[in-house]
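To start, the structure itself, in structure tokens.
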Amino acid sequence: ASTEATSSGAASGGQLEERIDLSTETAQKIAQSKSLPLADALALLSALEKRCRVGNDTPSLVKVCEASLELCHEANDYEALVTTLKTLSTRRSQKSKAIAALVTKCLPWVVDEEDGFTPIPTDAKDAATNQETLVTELRNITDGKMYLEAERARLTRSLAILKESAGDIATAANVLQDVHVETYGSISKREKIEFILEQMRLTLLKRDYVRAYIVSNKVKRSMLDEEGMSELKIKFYVLLSQYHSHERDALELAKCFHAIYATASASAGTGGDDTKWKESLTNTVVFLCLSEYSNEVKDMMERINLDPQLEKIVGCKETITSFLKKEIIHYPLPHQAMLESIPAFVNGGETDDASLALKGHWHTTFHTRIIQHNLRVASMYYRQIHTSRLATLLSLTTPETEQHLSNMVSSGALYAKIDRPKDIVRFAKKRCEEEVLSDWAADIKELLGLVDETTYLIQKENMVQSH
């Protein structure tokens, strides 16, 4: 039985739409629908939904929409649920509050309420299919609606989890890339970073390394340094290290592991595990030694060498001290086996063969960096030296020595000239007459300055003594 609807009236000049109060009738018909078959109940509520929508009774409209979905869910009819959801959300002039209520009502049926994106575990295959269908439909409804952007981001993450669990990594990564969560204002910083880290993880699994690096640039490093972000910071740099490992960029790997070390050592100071910071500090030292020499690398080595924590890892301390000294390093190092046994040496290989190739690359690079260090040291102490003698100092053959010298000269890391007929390497750059004369004039000017200053001091002392 229907009751007579009451009107709230319209404001003069048409400033407000007329609103009809259908709350009493809504309560009665929702109660009546529970005793009817599903099809009849949906038909009854569909007619009432139209009256509420046209009459601008938004509270009643929300109740009717929620009741319709509740009936389908209780009947365990997912096909009717999806159809009803699609029909109600696409009604002409449908209210935004009603659409938001539809999405909010369905979310607990497909995702965990605690985090808002983890799919509810299902055993049956049909249930998993229905779950994915409902999540997809909810994503379609939220598309382009700013007031549901947070729900869309969480539903997208949920769909990506479902695709990944089904073994479709590429689709999961593509689905997650559709959402530019960094532009959403209704999501917290932490949730944004978690979402972007998930995008990085899936693109790396997909082996789309270029896109993974682009996605990583969406994360502001300053945000990772905020309080409570240490766990996400470690996860971010672990993922970023996978990219740099693929690119075989030793210096960037050292920076990543040093950032992990700084975070892990801070947590260890508050009662955390020492294993993490020791492993990350070891990785930092190893990849610094593998980096091509530059002022940045030397500065980073100097700073790490002053770290008191390094004393607890004897092999790393001795290795970095050797690289900082201006002395010849003999290969292999005393702790070479320990340094090359770190897991990071093979992490980044997509297959077993790739991991072995990566380990071989780092092993060769380690030897190369030691040779380059020794050549720099030799250039400091010798103006010229016989190539055979230099090869003996480096424990190399003469052709190998010439090859490494040529590579360093080509890259601009060292000045040298090889005189093969005379078997001589010259490290001192030949200077023209103008340069020699300029240096001589500068030295004479400095000497005369010292003579003038000394003369002044003698005269000053004589005057003091005369009085």
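Things worth noting here:
- Only listed residue being part of a helix (DSSP H, G or I) and under 42 Å from the mean Cα position of the chain (by Cα), chosen from Lys63, Lys50, Lys105: Lys105
- Cross-chain or 6+ apart pairs with Cβ under 7 Å, the range 228-241 first and free of Cβ contacts under 8 Å to residues at least 40 places away in the same chain and within 17 Å of Ala212 (Cβ to Cβ), then open to solvent by 30 Å² or more (accessible area, probe 1.4 Å) and in a helix (DSSP H, G or I): none
- Residue among Leu107, Leu148, Leu162 that alone is open to solvent by less than 10 Å² (accessible area, probe 1.4 Å) and touching a residue at least 12 places away in the same chain (Cβ under 8 Å): Leu148
- Residues within the range 246-257 that are open to solvent by 40 Å² or more (accessible area, probe 1.4 Å) and part of a helix (DSSP H, G or I), tallied: 4
- Members of the range 408-444 found to be over 17 Å from Arg369 (Cβ atoms), open to solvent by less than 60 Å² (accessible area, probe 1.4 Å) and in contact with a Phe, Trp or Tyr (Cβ under 7 Å, 6 or more places away or on another chain), listed by number: Ala416, Phe427
- From the options Leu358, Leu339, Leu405, residue that is out of contact with any Asp or Glu (no Cβ under 9 Å at 6 or more places or on another chain), farther than 26 Å from Lys278 by Cα and buried (at least 18 other Cβ atoms within 10 Å of the Cβ): Leu405
- Qualifying positions in the range 167-180 - in contact (Cβ under 8 Å) with a residue 12 or more places away in the chain, part of a loop (DSSP other than H, G, I, E, B) and over 18 Å from Leu107 (Cβ atoms): Asp178
- Looking across the range 303-332, the residues that are within 23 Å of Tyr261 (Cβ to Cβ), open to solvent by less than 30 Å² (accessible area, probe 1.4 Å) and aliphatic (A, V, I, L, M) come down to Ile304, Leu310, Ile313, Ile320.
- Criterion applied to Arg190, Arg92 was being open to solvent by 60 Å² or more (accessible area, probe 1.4 Å) and at pLDDT below 90, and the one residue passing it is Arg92.
- The condition (being open to solvent by 60 Å² or more (accessible area, probe 1.4 Å), assigned to a helix (DSSP H, G or I) and among the aromatic types (Phe, Trp, Tyr)) is satisfied by just one residue among Tyr243, Tyr213: Tyr213.
The values are calculated or read from the model by the stated rules, or taken from the named source; none is laboratory data. This structure is a prediction, so every number in the text was calculated from the model and none was measured. All Cβ positions, even for glycine, are placed from backbone atoms using ideal geometry, and neighbour counts span all protein chains on display. Keep in mind that these areas ignore ligands, DNA and RNA; they rest on the heavy atoms of the full protein, side chains included. Shrake-Rupley method; radii C 1.70, N 1.55, O 1.52, S 1.80 Å.
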